[in-house]
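Each remark here refers to the structure printed beneath this line.
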Amino acid sequence: MYVREFMTTKVMTVTSDTTLGRAARLLYAHKIRRLPVVDGERLVGLIGDKMIAAALPSAATTLSTREMADLMSRLTVRTFMNKHVITVTPETTAETALAVAQENGVGCLVVVADEMRVVGIVTTNDFVTRILNPLLGKGKPGTRIHIYDCGTPRRIAEVAMLVDRHDFEIVALHLDDSLERDTKDLIVQLNTSEPSRLLFDLKDSGFTVDVRERRFWPMTFATCGSETSPTI
């Protein structure tokens, strides 16, 4: 999977001469936490809610509400933005983008094309909702089966044959490294709520299995921001 497949393309941006007050209002109105700063269609920085909060006087200030508003109208993004923005391109793979974010300790990657032109944005939440959740079968009905010590191609093939024999479809599948037992377990989600016969056959074939408890909820995604989590 590439960044272009799950990035948010409708990106709200500001210029470096935008006031902190306006930037704060945009963050609040659009329920987002970060704004790329663009001058002349070129990325020059990033401003976030924490940066704006750090720029304001503390709660112990003696400034009145009017004085605070006046201060916010005079301070600009240019002074407080992060000028060292971590970026990726639309062609960056999802695993590389995630590694870049983790290595740099950031929760947001700005996606740029030629000459630092902003074309998208991805956040930690995007990696979870667009990649991890589907991998784990979140938001999809069915039964999730935990098959212990099933990390070899031969044992995975045996499980697949039994699933096929019962005419079930595999909704999601992944290997889970067990830190307690130093083995790989297979987690399979099937499109059925009645897996009892399959469970019997798996056990009869020598597998140790459990049915994992899971919670189903419909998944919803943001249309113009990357901060919306699945609705519970």
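Couple of notes before you dig in:
- This model, with +1 at the C-beta of Lys and Arg and -1 at the C-beta of Asp and Glu, gives the range 3-133 a dipole about its Cα centre of some 460 debye.
- With a Förster radius of 22 Å applied to the C-beta separation of LEU135 and ALA53, the computed FRET efficiency comes to 0.05.
- Cα-based radius of gyration for the chain, normalised by 2.2 N^0.38 Å, reads 1.37.
- Remark on HIS174: its backbone amide H falls under 5 Å from those of ILE187, a criterion applied only to residues 5 or more positions apart or on other chains, H modelled at 1.01 Å from N.
- Evaluating 6.51 cos²θ - 1.76 cosθ + 1.60 at θ = phi - 60° for every residue in the range 150-162, the Karplus couplings come out as 9, x, 8, x, 5, 6, 5, 5, 4, 5, 4, 5, 5 Hz, glycine and proline recorded as x.
- Count of lysine pairs in the chain with Cα separation under 24 Å (8 or more residues apart, or interchain): 10
- Distant-in-sequence amide H partners of CYS150 (H built 1.01 Å from N, under 5 Å): LYS184, ASP185, LEU186
- Karplus-derived 3J(HN,Hα) values for the range 88-104, using 6.51 cos²θ - 1.76 cosθ + 1.60 with θ = phi - 60°, are 9, 10, x, 8, 5, 6, 4, 5, 5, 4, 5, 5, 4, 5, 5, 5, 9 Hz; glycine and proline are entered as x.
- Calculated over the range 33-170, the projected area of the Cα convex hull averaged across directions stands at 14.3 nm².
- With both labels modelled 7 Å from their Cα along Cα-to-Cβ, the ASP201 to THR19 distance reads 7.0 nm.
- A simple spin-label model places pseudo-atoms 7 Å from Cα toward Cβ; at GLU103 and LYS184 they are separated by 2.5 nm.
- The simple spin-label model puts a point 7 Å past each Cα toward its Cβ; for LEU175 and GLU41 those points are separated by 4.7 nm.
- Residues whose placed amide H lies under 5 Å from that of GLY139, excluding near-sequence neighbours: TRP217
Read-outs throughout are calculated quantities, based only on the coordinates presented, and are distinct from any laboratory measurement. Just so we're clear, the structure is a prediction, and the values are computed from it rather than from any experiment. Glycine gets a Cβ as well: all are built from the backbone with ideal geometry, and neighbour counts include every protein chain shown.
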